[in-house]
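See structure below.
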Amino acid sequence: METKLARITQLSTENPNMVFTSVGHFINGEMLKECHSKMDGDKAVGNDGTTKKEYGKNPDVNLDNLVNRLKRGDIDLNRPGELKYLRTMGKPGH
């Protein structure tokens, strides 16, 4: 999984105007849980103001909700903050 995300990150960095028609099949609860555990909790809060510590109090429910929102299309990946978050997840050390 990490290799695929790294490749998406590389492509999106090298080609900022590239349009990805479907990356949803790469995203699942297990992958997001791993990404969450690697994130630095001292960085900025999420788009909704939630800190890593707050999010981690109930990670399984929060990540399931996130995966469901992604699959339903409730998260607009064209919003800069949300796209930046997904790009960051694929970078080494995140």
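The values are calculated or read from the model by the stated rules, or taken from the named source; none is laboratory data. Nothing here was measured: the structure is a model prediction, and the numbers come from that model. Every residue, glycine as well, gets a Cβ built from its backbone with ideal geometry; the counts of neighbours run over all protein chains shown.
Quick one: what pairs do we get from segment 21-47, first residue within 11 Å of L66 (Cβ to Cβ), second surrounded by 12 or more Cβ atoms within 10 Å (Cβ to Cβ) and among the β-branched types (V, I, T), C-beta under 6 Å, 6+ apart or different chains?
That search, which allows pairs on different chains as well, returns G29/V67.
Between a residue in segment 4-18 that is in contact (Cβ under 8 Å) with a residue 40 or more places away in the chain and any residue that is of a type in the set (K, R) and surrounded by 12 or more Cβ atoms within 10 Å (Cβ to Cβ), which pairs come within a Cβ distance under 6 Å, given they are 6 or more apart or on different chains?
T9/R87; T9/K91; S12/R87
Quick check: is even one residue across segment 12-31 of a type outside the set (A, V, I, L, M), under 25 Å from D60 (Cα atoms), assigned to a loop (DSSP other than H, G, I, E, B) and modelled with pLDDT of 85 or more?
Within segment 12-31, none of the residues are of a type outside the set (A, V, I, L, M), under 25 Å from D60 (Cα atoms), assigned to a loop (DSSP other than H, G, I, E, B) and modelled with pLDDT of 85 or more.
Taking the residues in segment 3-57 that are among the small types (G, A, S) and under 18 Å from G73 (Cβ atoms) as candidates, determine which candidate is surrounded by the most Cβ atoms within 10 Å (Cβ to Cβ).
Here the residue is G29.
From the set of residues in segment 32-57 that are in a helix (DSSP H, G or I) and of a type in the set (K, R), which is farthest from T9 (Cα to Cα)?
K53
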